[in-house]
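Have a look at the structure below, then the notes.
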Amino acid sequence: MIIAPPAGDAFNFITDLKVFPAAFFDFIMAVGLIIVRRRRKRLGLPAPTFKAWDWVLVFNIIKNIYLLVMPWYPPDGGPYSGDVSFWYATYAATGLGILIGCGIYHWLWTVGIPKLRGYEIRQEIIEFEDGAQSQSLIKVPVADLEAWDASHDHAGRRLVSNVQETTFDGKEEETDSNKDQAK
């Protein structure tokens, strides 16, 4: 990106390039927060201890819509009169291309390749001895999906803790309750 544009425009192009994808992700995050809030309210869950004000979310959504739409309108002097000597919306088109490329990459690794190889990606929540949690994505063969879904909730937490656990790598592990029973 530094070599392709003319030398004087390189800095402007790179700093402009950040705007479009960042506005897209900020927009998606604000809309997602509103969706999560509505789902929590529908389920009767208590409000979180910290939350952004509703008017801040609405302002953020409006700001990001502006940042996503306005780069496509040409400046007063024509298509080559922006802050760079080449087409004014090159950064927006490049940012959109990066987002599309990332979407294709994500689809290939989470849907396309797993479908071809006969597995699905599932999330598993790992709980450590100190109470900390982490998440891991694992490959579950299609033949084992029913067993996986029966023994895990939608978030990936194990539902059944006193059953001999078969990992989906073909190895067997003992759960804590099985170790206690063996003693």
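The values are calculated or read from the model by the stated rules, or taken from the named source; none is laboratory data. None of the values given here were measured: they were computed from a predicted structure. We place every Cβ from the backbone using ideal geometry, glycine too, and count neighbours over all the protein chains shown. With ligands, DNA and RNA removed, areas are computed over all heavy atoms of the protein, side chains included. Shrake-Rupley method; radii C 1.70, N 1.55, O 1.52, S 1.80 Å.
Computed values, structure above
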| item | result |
| --- | --- |
| For the stretch 123-134, 3J(HN,Hα) per residue [Karplus equation, 6.51 cos²θ - 1.76 cosθ + 1.60, θ = phi - 60°, Hz, x = Gly/Pro] | 8, 10, 8, 9, 10, 8, 4, 7, x, 5, 10, 9 |
| Average accessible surface area per residue within the stretch 1-156, 1.4 Å rolling probe, Å² | 72 |
| Most to least accessible of 59, 128 (protein chains only, probe 1.4 Å) | 59, 128 |
| Stretch gain in nm, segment residue 137-residue 106, where the contour uses 0.36 nm per residue and the Cα spacing is subtracted | 9.8 nm |
| Long-range HN-HN contacts of residue 157 with modeled amide H, under 5 Å | 125 |
| Extension gain (nm, one decimal) between residue 150 and residue 66, 0.36 nm per residue minus Cα-Cα | 25.7 nm |
| Gyration tensor verdict on the stretch 1-149 (Cα atoms; rounded if a/c is under 1.5, prolate if a/b is larger than b/c, oblate otherwise) | oblate |
| Label-to-label distance, nm, for residues given as residue 53 and residue 128 (7 Å Cα→Cβ offset) | 3.7 |
| Gyration tensor verdict on the stretch 91-139 (Cα atoms; rounded if a/c is under 1.5, prolate if a/b is larger than b/c, oblate otherwise) | oblate |
